[in-house]
Amino acid sequence: MSRPKLIVISAPSGGGKTTIVKEILTRHPEFQFSVSGTTRPMRTGEVDGVDYFFLTKEEFERLIQRGELAEHELIYGNYYGTLKREVDRALLGNKTMVFDVDVKGGLSIKRLYNNSAVLIFIEPPSITVLEQRLRNRKTEDEETFRKRMERVALELETGKRFDFRVVNNTLPRATDEVDEIIKKQIQS
């Protein structure tokens with residue numbers, strides 16, 4: 001008998017979490033992805049309610065004031081957060097929900113949902129490898145790259161508080177390890 005779980009996957013930027021989350025959702029189409037809210041502008045090709053819930057700063061701050069977010073963070077001048085109503089809807093519908101959030105958000109979800117939440121931290125094999133992966137993405141300018149790297153020490157330290165840690169030496173192996181953890185957790 002499986003129980004719905006909140007599967008939180010976190011990693012430093014360039015750690016592979018988004019790729020792992022996408023593969024887990026492909027392997028488990030019965031899982032639901034947690035769509036976050038954000039105040040950042042919508043990018044070309046993104047769809048409101050699918051990629052993010054795009055909100056104004058005022059709307060987001062009202063959600064904070066009303067306690068309607070499971071977690072939220074101000075990152076690089078934009079708010080990001082998880083709407084409690086979406087999480088509660090998944091649990092009430094007996095659905096396992098997968099999250100791609102930062103480490104602080106992961107700990108907030110664990111505090112709020114306790115044993116329903118399973119935190120998995122994706123660790124880079126080394127800082128040097130992480131830097132190479134982030135540079136190879138070619139999605140960051142030098143300032144953004146520097147800011148992302150400044151957060152790495154905090155993220156690695158906070159990741160030690162997660163339920164599980166998986167070193168991403170190779171993406172297929174890390175994904176398989178995450179998948180095995182999830183399978184065991186939803187059967188327990």
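Which order do the peptides 59-65, 34-40, 85-91 come out in when sorted by mean C-beta neighbours inside 10 angstrom, highest first?
34-40, 85-91, 59-65
For a quick check of your reading of the filter: which trypsin sites (Lys or Arg not before Pro) in the stretch 97-188 sit in a DSSP loop and have no more than 10 other Cβ atoms within 10 Å?
K138, K160
Scan [x] 9, 36, 39, 15, 1; [y] 9, 39, 40, 11, 0; [z] 8, 26, 20, 10, 6, 6, 5, 5, 5, 4, 3, 1, 0 for the value of P(r) over Cα pairs in 10 Å bins from 0, in percent calculated from this model and give just the label.
Step by step, P(r) over Cα pairs in 10 Å bins from 0, in percent for this structure corresponds to label [x].
Can you flag which of K5/K110; K84/K147; K17/K84 are past 18 Å Cα-Cα?
Flagged as over cut-off: K84/K147; K17/K84.
For the stretch 6-187, build the charge dipole from Cβ charges (+1 Lys, Arg; -1 Asp, Glu) around the Cα centre, then report which of V98, I182, S36 sits farthest towards its positive end.
Looking along the dipole axis, the top candidate is I182.
Any chance you could run the full-extension gain for D163 through I127? It's 0.36 nm times the residue separation minus the Cα-Cα distance, nm to one decimal.
Length gained, D163 through I127: 10.8 nm.
If I take every Cα pair under 8 Å that is 6 or more residues apart in the stretch 49-185, average their sequence separation and divide by the length, what percent do I get for the relative contact order?
In percent, rounded to a whole number, it is 19.
With a 10 Å Cβ neighbour count serving as the proxy for reagent exposure, in which order, fewest first, do E180, E23 appear?
So the ranking, lowest neighbour count to highest, is E180, E23.
Computed from the coordinates by the stated procedures, all read-outs in this text should not be read as laboratory data. This is a predicted model, so every value here is computed, not measured. For neighbour counting, all protein chains shown are included, and Cβ atoms are generated from backbone atoms with ideal geometry for every residue, glycine included.
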